[in-house]
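A.B. asks: Following this message is one structure expressed as structure tokens.
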Amino acid sequence: MEQYENNQVTNKEQLQSALEGVMNAVQGEREDELFYDYLIRLAPTREEKQIIASIRDDERRHNRLFRRIYGDFTGMEISSGDEESFERPDSYLDGIKRALFGELRAVEKYRAIRRGLPRGPYRDVLFDIITDELKHASKYNYLFTLNSSMDGSYIDRNERMRQNSTDTSKFTPDDWVRYITPLVKRALAEAKEGINPEHLYQEFILSGVLVGLGKTPQEAIEQVEDWEKTGTSKLLAMSKMSRYFVD
């Protein structure tokens with residue numbers, strides 16, 4: 001009986017800690033919006049603007065989910081902050097770097113929230129949010145790589161356009177290895193999250209095939225995601241449903 005009561009106290013403390021994490025997760029929403037809008041304005045290509053906008057839209061959805069979780073457990077709403085400004089990054093590249101590390105920090109915070117929630121649908125929601133954050137980190141890594149030279153300095157738009165028009169038919173094996181780095185890093189990140197290996201192999205081998213057919217790594221990733229989300233590929237959807245997560 002004493003052990004049962006101790007477990008109840010522990011569970012309540014873990015839940016309270018998780019709910020505090022949920023509240024912190026949605027604080028600074030206005031500041032985040034200003035940051036995304038700033039990055040979108042700085043982005044030099046339509047593709048980059050669309051990538052950042054898609055991440056912003058995911059984060060808006062995450063905030064709605066966090067608010068719903070908090071309301072379900074407490075019966076209260078999280079008050080909106082009144083932040084009206086944010087610290088501007090030194091450059092577009094600096095902003096991308098800041099956003100990348102922000103996504104990785106969010107993964108650690110959301111893991112802690114997930115551990116404190118009761119088993120069931122709320123943990124599933126957090127799993128999906130964590131997976132999104134890892135995808136965001138992969139996308140930001142792609143943008144950082146796209147806008148960096150080998151020594152890490154900023155590449156101007158003309159140079160990037162020149163690189164984007166490179167004929168991949170002339171790539172050496174090492175050129176291909178460097179080119180698919182975003183795919184490799186994303187696969188490693190998702191593997192650490194316990195995604196079903198069969199689904200991982202399908203997703204990234206298929207992405208590699210699309211890259212070989214002429215798509216960029218980011219385009220290939222987004223194409224496979226679209227096939228999965230829309231149900232165009234029933235096999236991808238089925239293998240994802242059998243994913244597992246190791247606590």
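The values are calculated or read from the model by the stated rules, or taken from the named source; none is laboratory data. Keep in mind the model is a prediction, meaning the values are calculated, not measured. Don't worry about glycine lacking a Cβ; one is built from the backbone with ideal geometry, like all the others, and counts go over all protein chains shown.
A.B. asks: Any idea which residue in region 94-115 is nearest to residue 147 (Cα to Cα), counting only those that are out of contact with any Gly (no Cβ under 7 Å at 6 or more places or on another chain) and small (Gly, Ala, Ser)?
C.D. replies: The extreme case among them is 95.
A.B. asks: Considering only region 68-103, state which residues are more than 19 Å from the chain's Cα centre (by Cα) and among the charged types (D, E, K, R).
C.D. replies: Those that are more than 19 Å from the chain's Cα centre (by Cα) and among the charged types (D, E, K, R): 68, 72, 77, 82, 83, 84, 87, 88, 90.
Quick grid of which residues meet (1) surrounded by fewer than 17 Cβ atoms within 10 Å (Cβ to Cβ); (2) under 28 Å from residue 182 (Cα atoms):
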{"position": "28", "(1), (2)": "yes, no"}
{"position": "36", "(1), (2)": "no, yes"}
{"position": "66", "(1), (2)": "no, no"}
{"position": "71", "(1), (2)": "yes, no"}
{"position": "80", "(1), (2)": "yes, no"}
{"position": "125", "(1), (2)": "no, yes"}
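A.B. asks: Still on this model: Could you list, in sequence order, all residues of region 207-218 that are part of a helix (DSSP H, G or I) and without any contact (Cβ under 8 Å) to a residue 24 or more places away in the chain?
C.D. replies: Residues satisfying the conditions are 209, 210, 212.
A.B. asks: Out of region 167-186, which residues are surrounded by fewer than 11 Cβ atoms within 10 Å (Cβ to Cβ), at pLDDT 80 or above and either hydrophobic (A, V, I, L, M, F, W, C) or not in a helix (DSSP H, G or I) (or both)?
C.D. replies: Correct list: 172 only.
A.B. asks: Would you mind stating whether residue 61 is among the basic types (Lys, Arg) and not in a loop (DSSP other than H, G, I, E, B)?
C.D. replies: Yes: the conditions hold for residue 61.
A.B. asks: Let me ask something else. What about residue 16, is it part of a helix (DSSP H, G or I), modelled with pLDDT of 90 or more and over 24 Å from residue 131 (Cβ atoms)?
C.D. replies: Spelling it out, residue 16 is indeed part of a helix (DSSP H, G or I), modelled with pLDDT of 90 or more and over 24 Å from residue 131 (Cβ atoms).
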